[in-house]
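The following block contains the structure, expressed as structure tokens.
The values are calculated or read from the model by the stated rules, or taken from the named source; none is laboratory data. Worth saying up front: this structure is predicted, and the values here are computed from it rather than measured. Here the Cβ positions follow ideal geometry from the backbone for every residue, glycine too, while neighbour counts run over all protein chains shown.
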């Protein structure tokens, strides 16, 4: 993969001297950090550029981008998207670079299209990681951007099973400290608040409840110090052990071992203090998914004013997530063989349905390998997010499953084997549910055989 990047970097270096680089990136943490890495690198090279952050590459958007790029003779750089749109991108009469790590659903060749995807090389790296490797080839001085790549990696949950490439990026990130600990988010905030707003580890009667969080800490025998609770990284081994026991007693799926909530915590020096990479990732994600991608990007670029605004947005976002989880806990689900569908309609915002579905997939509420599908209205469409519960690997490919369904219902999709999404017409809502259940049941039958 590094050789493939090396082959196209000289072209990019020369073309970017002559043309304005138009960056089109995805709006999640990985896409935002990837864009920030490229921006920093282009600023250092004194290149002209513009940035557009998008939810997905729809046909109409590609047409708009194509018309503008051809008229202005721009160089297009797509980040964290494009692998499902290669045919359309190859038809653009402009120089097109694509750095993406999502499933490749179509093939296309064009002298104007340069496409890098780690899947081709059997590697596993985020879009931010790709962007970092790209700019490091552009100029070795860009090595200081590795920490942004780590935030993108954490945002896409690739830190749970580190690949060779991600380990290489981590070694480059000199301002990162890795600690083994309880994966309650955030590791640097007071415990009562971390437990109340715990996302990756859902705790019944604690998540979303200030009183529940304090009760749990009392059960674990953890007391305040100078009027405040310690953070995760400040606990000693005995306190950590007691807290793990208390959490496991509250978890719905008692079969889960304590190992499932223990892992590496990545502490990054950001704004001159050590912060949990997961918290930074969530800050970025919260801003972008609620319509403030400009704040998210400014935050990554080190703007202290953006940090203050991001905190305000994040506080509101946390409450939206908790309200969504509480709504789901009291609502009816559509259960099938190997699947649970949460059709929130207009009760949960389409911008957070993916986040909520991800939280539930790691909650322990559903058995390993269960396919969770969250659905929420998006104007005349339905936003669909699919995840696989737990850490089971011998399961179906969600991205291929959704693609199979939307061939019948219409729509656009993309993603990864264990985390994928699509947009379907609202009038196809019931048909989609029926087809998805059948597809999942059929795929699980094949796996059992």
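Does residue 332 satisfy being assigned to a loop (DSSP other than H, G, I, E, B), without any contact (Cβ under 8 Å) to a residue 12 or more places away in the chain and more than 27 Å from residue 247 (Cβ to Cβ)?
Spelling it out, residue 332 is indeed assigned to a loop (DSSP other than H, G, I, E, B), without any contact (Cβ under 8 Å) to a residue 12 or more places away in the chain and more than 27 Å from residue 247 (Cβ to Cβ).
If residue 333 meets every condition in (1) under 24 Å from residue 441 (Cα atoms); (2) buried (at least 19 other Cβ atoms within 10 Å of the Cβ) apart from one, which number is that one?
Single failed check for residue 333: (2).
Continuing with the same structure: List the helices (runs of 4 or more DSSP H) that sit entirely inside the range 159-220 and contain at least 3 residues that are outside the structural domain of residue 245 (by TED's automatic domain parsing) and on the phi < 0 side of the Ramachandran plot.
Hits in the range 159-220: 164-172.
Would you point out the residue of the range 347-373, among those that are in a strand (DSSP E or B) and touching a residue at least 40 places away in the same chain (Cβ under 8 Å), that is nearest to residue 319 (Cα to Cα)?
If we take residues in the range 347-373 being in a strand (DSSP E or B) and touching a residue at least 40 places away in the same chain (Cβ under 8 Å), then 373 is nearest to residue 319 (Cα to Cα).
Right, here's the next one. Please go through the range 167-188 and give me each residue that is under 29 Å from residue 214 (Cβ atoms), out of contact with any strand residue (DSSP E or B) (no Cβ under 8 Å at 6 or more places or on another chain) and at pLDDT 85 or above, ordered by number.
none
Would it be correct to say that residue 147 is modelled with pLDDT of 90 or more and touching a strand residue (DSSP E or B) at 6+ places or on another chain (Cβ under 6 Å)?
So residue 147 passes the test.
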